[in-house]
Every structure is written in structure tokens, then in C-alpha cells.
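Following: one structure in C-alpha cells, then a few remarks.
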Amino acid sequence: MTQNSNKPCVLVVDDAPENIDVLAGALSRDYHVKVALNGQEALDIAFAKPNPDIMLLDIMMPGMDGYEVCRQLKENDDTREMPVIFVTALDEMDDETKGFETGGVDYITKPIRVPIVLSRVKAHIELKMARESLKAQNRLLEENLRLRDDVDSIIRHDIKTPINVILWGPDLVESEGNLTPSQIDTLRIMKQASYSMLKIMNSSINLIKMERGEYQLQTAPVNLLKSLYQIKNEMRGLMRTKHVGLDIKIENRPPDPFEDFVVEGEEILFYTVLTNLIKNAIEASPDNEKVRVSLQENDIFLLEIHNKGAVPESIQDRFFDKYVTAKKISGTGLGTYSARMITETMNGSIHMETSQEKGTMITLKFPK
């Protein structure tokens, strides 16, 4: 028969020429058909390129039977995924079970009924094409992940150079003297902001590892008060623009001078979570109000962040999902998502409650 490259290829294997004629005649309209009269001939055709898409295989043949043909197909990398439909006069359950155990995907008994053969062949070829499409998509996803990793590495490498200039620049300017206290303070804020940029840049690759389940948590004592004071200092500009204050309390009271609030975790991860959530709270807060951050310790570590704004109803159920944002033109929808991922990575939990009357409360809990 003349091969049509647009048609799937069916290999029909049977030692009886009359059965070959029936099957080939039924299939030739929709498929390119190849035939073999014994097991070895079937393997020679199956292993040759291009491989057939599916095989209709008689079981009882002289010499090499269908079970052995199927076994050898499944041992070969090129033909392992080829669907094999057994065609036989045997109808005992033991023979059917052996066919599936050998690697067959279906079973047709003789005498051959053409509509059954056509429907089975069509179904299994479509399944094979669907599997191949899924594998191709998976390969593309894996390649995209590798590409994203490469781009992230390049970006981090290229960004570090200008950040390092910003880091040593304030020290150089300050060392020349003749600066007012306000100017010195501004330079130090710039330097601290540069360190924050480095931390955020490193946290982006950590988030990718968390999504893949590859992140290795390395805990150590972390002073949350220190992180909160640093974040408050960094967000003075945003708070000034919004006319919003930031209150930090321990057990519902202002912290004492030099007081610590130490928990187990990773400093960079806590810094990222707190930065994202406090920034969101300040942006969501009505003007001339205060964002409150409360720390408590009992049988667990409890951290609450409250603002008087309400989360839009349209995103309340998806607040911690990826790419969910509202009323923020430049928002990415990654802030609360990364907060959830990081909190759960550190064996904590995060919860949000919101209403027009009470505002929005983000609650984080961490085990001792």
C-alpha cells in the first residue's frame, strides 16, 4: 500500500492471510497499513523507522507468539509506548490477563467484527496522540523553567553590580564630610534600601524553589523586632505619602528599649513576609490612619497586621492566590502569595479576615 504521511500507521500481525485481508481492508481507508505474517517479521517492521503508531497482534502464531512479540516491544525504548491490541480466538480470562500483564492495552476476540476493530483502533491512537502531546507540553514547561532559572541568574548577576555601587557610594560621600545630619540620615537610608534590594532579589529564587518543593529550610533565632524597625524605617517615604503611621506592639504594649522578640526561622524569609504584608497594609489603609503590628507569645508565636481598609469582595476568597491583585496598577499579585508560601515553608499558617467595619487583619502563627 502507498504510505500517506498524514495517516497514522497500523501494523497488523496474523499468520492467517484471510484475517490480514479483513483487517487491512477495514483499516486502509483511514490508516496506512503494514502487515506481518509472523512474530519476527512484526518486530523487524516495528523497530524500523518510522515506527508504527499501533499494532494489532495475533496471539497464537507458530514460532514466536504474540506475547513474546509484545514483551520485546516493551523492552525497546523506541516501541515501548506503542499500543498493542491483541487479536485472538482465545477468550479465556487467563489469556486476557496474560495479555495485559505483557503490556497490551486492549483485547479483541475472533471472529473479527469490523466496527469494534475500528472503534478500538481510533480510541487508542487518540490516547497515544494525547499522551505524546502532554509529554511535549511537559518538555516545554521544563525548558521554560530552565530558561527562567537562567534569566533569573543573569538578572541577579547583572543587577548586583549597580547595587554594589549604590552600597559603597553613600559611605564614600559620607567620608568626605561637610554633611548635615539630615543628609547623613538620607545616605544611610539609601544604603539600607540597597541591602533590602539584595534580599528581595535573593528571595525571588527562593520562592521558585518553594513552588517546586526544593527549598531547604535552615532555621536560626530571628529577632522580629529588629526586622520590623528596619522595615518601618525603609517605608517612611510611603507612610509620609499616605499619611499613615505604623505602631508596633508586644502583648498589646509598646516594646521596651532594647527588647527582643525572638522566633525560629530564616531572617531573610521573615523580612520578605513582613515587608510584603506591611507594604500592602499601608497601601490599603485609609489616609491619616495607622497600621498596627502586634506580636504575642504563648503556646505559639502570633503575629497580627491590621489596617482599617477592607479587601475588595471580588478577591477575598483568592487573597493568597498567585497573581491576584485589585486597585493597584503596578501590582503583581505576588506579595500575599509569597507571604503564604514562605509562612508555610517555615511551618507556620496565615489567615485573613476583612470587613468594612473592622478593616483587615492578617494573622500569622508559628510553632515554638
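Observations on the model:
- Cα-based reach from residue 122 at 18 Å (exclusive), listing lysines while leaving out same-chain residues under 8 positions away: 7, 34
- Distance between the 7 Å Cα→Cβ label points at residue 363 and residue 315: 2.3 nm.
- Working from label points 7 Å from Cα in the Cα-to-Cβ sense, the residue 185 to residue 171 distance is 2.4 nm.
- FRET efficiency, 1/(1 + (r/R0)^6) with R0 25 Å, evaluated for residue 109 and residue 129 via beta carbons: 0.45
- Distance histogram in 10 Å bins (all Cα pairs of the chain, percent per bin): 4, 18, 19, 12, 9, 11, 13, 10, 4, 1, 0
- Cα-based helix-to-principal-axis angle, 335-345 vs the chain, degrees rounded to 10: 80
- Label-to-label distance, nm, for residues given as residue 193 and residue 229 (7 Å Cα→Cβ offset): 2.2
- Those lysines that a straight Cα-Cα span of less than 18 Å connects to residue 290, excepting residues fewer than 8 apart in one chain: 232, 242, 249, 279, 308, 358
- For the pair residue 44 and residue 74 in one chain, pulling the backbone fully straight at 0.36 nm per residue adds 9.4 nm over the alpha carbon distance.
- Highest average first, the peptides 347-358, 225-236, 46-57 ordered by how many other beta carbon atoms sit within 10 Å of their residues are 46-57, 225-236, 347-358.
- Counting only alpha carbon atoms, the long axis of helix 224-234 and the longest principal axis of the chain meet at about 80°.
- Reach of residue 74 by Cα under 13 Å, taken over aspartates and glutamates that are not fewer than 8 positions away in the same chain: 101
- Antiparallel content of DSSP bridges confined to the chain, in %, to 5: 55
- Lys, Arg +1 and Asp, Glu -1 on Cβ, resulting dipole of the stretch 270-318 about Cα centre, debye, nearest 20: 140
- Whole-Hz couplings from phi, Karplus 6.51/-1.76/1.60, listed for the stretch 297-304; x for Gly and Pro: 9, 9, 7, 9, 9, 10, 10, 10
- FRET efficiency for residue 122 and residue 267, using Cβ-Cβ distance with R0 set to 56 Å, rounded to 0.05: 0.40
Laboratory data are not the source of any read-out in this text; all were calculated from the coordinates shown. Note that this is a predicted model, so its numbers are computed, not measured. Cβ: placed from backbone, ideal geometry, glycine included. Neighbour counts: every protein chain shown.
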